[in-house]
Amino acid sequence: MVRTLEAAASFVDDVGLALLFPKADLVLPSLWGQVAGDPAAPVAVREPGGAFVRWGDGMSFLWSAKDELPAQGLVCVGKHLARVTACVAPRVVPLLVAQADRAEPDGFEGELVSAISSLGPSTGPELRDAVGASKRDVDRGVASLHRRLVLTSSHLVEQDAGWGALAHDLLERKWKLPKLLPPPDAARRELAQLVLAAAGELTAADLCGVLGWRRRMATNVLDEIAPSRDVGDFRIWAAP
């Protein structure tokens with residue numbers, strides 16, 4: 001079972017893309033599955049009535065690792081896939097960026113980006129002070145910018161009281177993107193191959209669920225990289 005940052009980073013590098021915690025409708029592996037030894041292992045132990053007893057074995061490690069992995073430059077962590085926290089191998093970050101729609105943020109999101117550009121990696125409370133907005137609006141804007149691959153997790157900042165606060169940074173600054181990114185079509189093929197290799201086989205809907213693509217795009221990319229077969233009303237592509 002994974003219990004060191006180096007082992008966690010090695011796992012993410014092997015698979016390329018992983019979720020922090022498993023999600024039933026997403027075909028990617030999870031770091032929690034490696035830490036707990038079983039993807040189905042409960043995150044928390046609860047009484048029959050649902051009352052919390054304790055966190056599952058390995059949860060204390062994973063809870064700190066999700067912040068330390070990006071802080072030490074080992075794994076890119078953020079809400080970059082399917083609106084959930086994902087782990088991205090540094091070698092895969094340019095692929096995600098190359099095929100993403102990263103139009104210049106405007107409006108409120110533009111204000112957040114401008115603040116982080118000037119202030120450096122910033123926490124939610126720091127951003128609220130900088131732009132004069134509510135916690136709800138800042139959290140929503142930051143999550144959107146994670147999905148657009150504009151912002152990413154940077155490191156945890158200790159607070160005077162309570163839990164630490166996660167600092168966010170510009171993704172291209174945190175991960176020092178190359179000046180020349182892969183062509184979008186090539187990046188999509190490589191990403192699809194990573195997801196297919198992890199899943200063994202999948203549908204176009206599975207790929208859309210992970211990468212947020214339209215069905216036609218997912219189908220076309222899968223046709224380029226793998227054979228398929230019809231199973232009832234579904235078309236399934238299998239890893240070569």
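A few comments on the model shown:
- Residue that is surrounded by the most Cβ atoms within 10 Å (Cβ to Cβ) [pool: residues in segment 136-160 that are farther than 19 Å from Asp106 by Cα and not acidic (Asp, Glu)]: Ser153
- Selection of segment 13-66 for residues being farther than 15 Å from Met1 by Cβ and polar (S, T, N, Q) yields only Ser64.
- Qualifying positions in segment 144-179 - out of contact with any Pro (no Cβ under 9 Å at 6 or more places or on another chain) and either basic (Lys, Arg) or farther than 20 Å from Gly120 by Cα (or both): Arg147, Asp160, Ala161, Gly162, Trp163, Lys176, Lys179
For (1) surrounded by fewer than 18 Cβ atoms within 10 Å (Cβ to Cβ); (2) modelled with pLDDT under 95; (3) touching a Leu at 6+ places or on another chain (Cβ under 8 Å); (4) not small (Gly, Ala, Ser), each residue gets a yes or a no:
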residue: Gly162; (1), (2), (3), (4): yes, yes, no, no
residue: Ala167; (1), (2), (3), (4): no, no, yes, no
residue: Leu171; (1), (2), (3), (4): no, no, yes, yes
residue: Lys179; (1), (2), (3), (4): yes, yes, no, yes
residue: Gln193; (1), (2), (3), (4): no, no, no, yes
residue: Ala197; (1), (2), (3), (4): yes, no, no, no
residue: Glu201; (1), (2), (3), (4): yes, no, no, yes
residue: Ala205; (1), (2), (3), (4): yes, no, no, no
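- Counting only helices (runs of 4 or more DSSP H) wholly contained in segment 128-240, the ones carrying 1 or more residues that are among the β-branched types (Val, Ile, Thr) occupy 135-147, 184-199, 204-211, 215-225.
- Residues of segment 25-39 classified as among the aliphatic types (A, V, I, L, M) and surrounded by fewer than 18 Cβ atoms within 10 Å (Cβ to Cβ), total: 0
- Hits in segment 214-240 (condition: within 22 Å of Ala18 (Cα to Cα) and touching a residue at least 24 places away in the same chain (Cβ under 8 Å)): Met217, Ala218, Val221, Leu222, Ile225, Ala226, Ile236, Trp237, Ala238, Ala239
- The one condition from (1) under 18 Å from Leu170 (Cα atoms); (2) surrounded by fewer than 19 Cβ atoms within 10 Å (Cβ to Cβ); (3) of a type outside the set (D, E, K, R) that Ala51 does not meet is (1).
- Residue match in segment 38-50 (condition: out of contact with any strand residue (DSSP E or B) (no Cβ under 8 Å at 6 or more places or on another chain) and at pLDDT 95 or above): no
The values are calculated or read from the model by the stated rules, or taken from the named source; none is laboratory data. Everything numeric in this text was worked out from a predicted model, so none of it was measured. Reconstructed Cβ throughout: ideal geometry from the backbone, glycine too, with neighbour counts over all protein chains shown.
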